[in-house]
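Trainee: The structure is given below, and queries will be raised subsequently.
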Amino acid sequence: MAQHFLSSSTYRDFTIDMIYGMSDKDIHDLFCRLRWGSQTHQACPGCGAWDNHYVLPNRQQWRCKACRRQFSVTSATMFASHKKSLRTIAILAFYFVTSVKGVAGVHLCRLSNYSNKGANIMIGKFREALMRSQDLRPLAGTVHIDGGYFGGKPRKPNRRGRRNNQLIADRISGNATGRRKPWHATGTTRSNWERRVKDRRVVMTLRETGDIGKGAVRSISVVALAESGPVVTELIRRYVSPCATIMTDENTAYAMVSATNDHFTVNHQVEWSTPEGVNENQAESYFSRLRRWEYGIGHGIRKTYLADLSCEMAWREDVRRRTIGQKFEELLTKGLTTGYSRWWRGYYQGKHRGTEILMNEGLDQATS
């Protein structure tokens, strides 16, 4: 029996022992290489001058030969003004990439020298770096599209078969209309049911498949209010090439897809894949990973940062066949090359984003 890639020594090409075994200079050189691709030359974040700038060894900084600005390897990056050591940041990045279903901030604070809030801020910065650096070029080849609803789940009633108190009161007073409300079927209250309508969001995922047996190679995910025809039409216009072949389920929201692309559907009430091979299993694979985070890691999803989380899971799906070292270096490279954090810089001072990112507000704005 062939050994699974995730269990092989090839996959484990980078370990936590290697981080602890590196000297402070080795860690600093690693960050320099990932940011600038060089150990001798640096790009000044102020004027952009590329040179072998003056070294300030006691502070691990440089002075620009052009504008005289002092800068470090984390200046003007996601990790700017960091209070923890570069080693601690590297350790958090390692735990982030080796947690296949994501990692909770409260768990990271037990493993590293971070508070719960500090660990969650670092996770937020990692997600922001992934979100702002994702590849949004139109998908080609065969594309699987589907939507899944997350968040806004009504709380279960205390007792099975519980009837709504207001319904009983209406019957006693003679004001009953005879029509059952949606929340009556679940035995819950109206306010509990309306929480579902208010907080529930749909994550739309589009996944370009690769060779047979290789799964998806590139994914794009966005958050919308509903899985509807206009949402699907706009998604395809933005992110799918006109020459691509699209596979979806039988949802009526995809009725107009055939007007722009070759379109095949699978009826999930009957089967997951047709005898001809029509399926959208790559989209279901993505939702499986996201729901494992919801049930086993986060124990709930909040709409404010759902777009960030969905992009993280899309990245995890796309790099699932890469080694630990490759994922570790890619994550740190994104964090070192996407500029200042827009949503987490100044979080301790009360500068919170506070608003969710929906598709109709433009994912392109978040990544620009």
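The values are calculated or read from the model by the stated rules, or taken from the named source; none is laboratory data. Nothing here was measured: the structure is a model prediction, and the numbers come from that model. Here Cβ is always computed from backbone atoms with ideal geometry, including for glycine, and neighbour counts include all displayed protein chains.
Trainee: Taking the condition of being assigned to a helix (DSSP H, G or I) and farther than 24 Å from Met78 by Cβ, how many residues in the stretch 1-34 meet it?
Mentor: In the first step, residues of the stretch 1-34 are kept if they are assigned to a helix (DSSP H, G or I); the result is 5-7, 16-21, 24-34.
Of the ones still in play, those that are also farther than 24 Å from Met78 by Cβ are 5-7, 17, 21.
Of the residues in that region, 5 qualify.
Trainee: Another question, then. Is one or more of the residues making up the stretch 333-344 touching a strand residue (DSSP E or B) at 6+ places or on another chain (Cβ under 8 Å) and either over 20 Å from Val103 (Cα atoms) or in contact (Cβ under 8 Å) with a residue 60 or more places away in the chain (or both)? If you could, list the steps in order and put the result at the bottom.
Mentor: Initially, the stretch 333-344 is screened for residues touching a strand residue (DSSP E or B) at 6+ places or on another chain (Cβ under 8 Å), giving none.
Scanning the stretch 333-344 turns up no residue that is touching a strand residue (DSSP E or B) at 6+ places or on another chain (Cβ under 8 Å) and either over 20 Å from Val103 (Cα atoms) or in contact (Cβ under 8 Å) with a residue 60 or more places away in the chain (or both).
Trainee: While we're here: Among the numbered criteria (1) part of a helix (DSSP H, G or I); (2) touching a residue at least 24 places away in the same chain (Cβ under 8 Å); (3) outside the structural domain of Trp344 (by TED's automatic domain parsing), which single criterion is violated by Asn58?
Mentor: Among (1) part of a helix (DSSP H, G or I); (2) touching a residue at least 24 places away in the same chain (Cβ under 8 Å); (3) outside the structural domain of Trp344 (by TED's automatic domain parsing), the lone unmet condition for Asn58 is (2).
Trainee: When only residues in the stretch 96-115 that are surrounded by fewer than 18 Cβ atoms within 10 Å (Cβ to Cβ) and under 20 Å from the mean Cα position of the chain (by Cα) count, which is nearest to Lys25 (Cα to Cα)?
Mentor: Once the filter is applied, the top-ranked residue is Thr98.
Trainee: Is it the case, given these coordinates, that Trp62 is in contact with a strand residue (DSSP E or B) (Cβ under 8 Å, 6 or more places away or on another chain), aromatic (Phe, Trp, Tyr) and farther than 30 Å from Arg321 by Cα?
Mentor: Answer is yes for this residue.
Trainee: Check off (1) farther than 30 Å from Tyr114 by Cβ; (2) touching a helix residue (DSSP H, G or I) at 6+ places or on another chain (Cβ under 6 Å) for Tyr54 and give me the number that stays unchecked.
Mentor: (2)
Trainee: Tell me, which residue of the stretch 6-20 that is in contact with a Ser or Thr (Cβ under 9 Å, 6 or more places away or on another chain) and farther than 20 Å from Thr333 by Cβ is modelled with the highest pLDDT? Break it down stepwise before answering.
Mentor: Taking the stretch 6-20 as the starting set, the residues that turn out to be in contact with a Ser or Thr (Cβ under 9 Å, 6 or more places away or on another chain) are 10-14, 16.
Applying the additional criterion that residues be farther than 20 Å from Thr333 by Cβ yields 10, 12.
Values: Thr10: 84, Arg12: 89.
The selected residue is Arg12.
Trainee: Same structure, new question: Do we have any residue at all in the stretch 328-336 that's surrounded by fewer than 17 Cβ atoms within 10 Å (Cβ to Cβ) and not basic (Lys, Arg)? Before you say what the answer is, go through the steps one by one.
Mentor: The first filter runs over the stretch 328-336 and keeps only residues surrounded by fewer than 17 Cβ atoms within 10 Å (Cβ to Cβ), leaving none.
Among the residues of the stretch 328-336, not one is surrounded by fewer than 17 Cβ atoms within 10 Å (Cβ to Cβ) and not basic (Lys, Arg), which makes the answer no.
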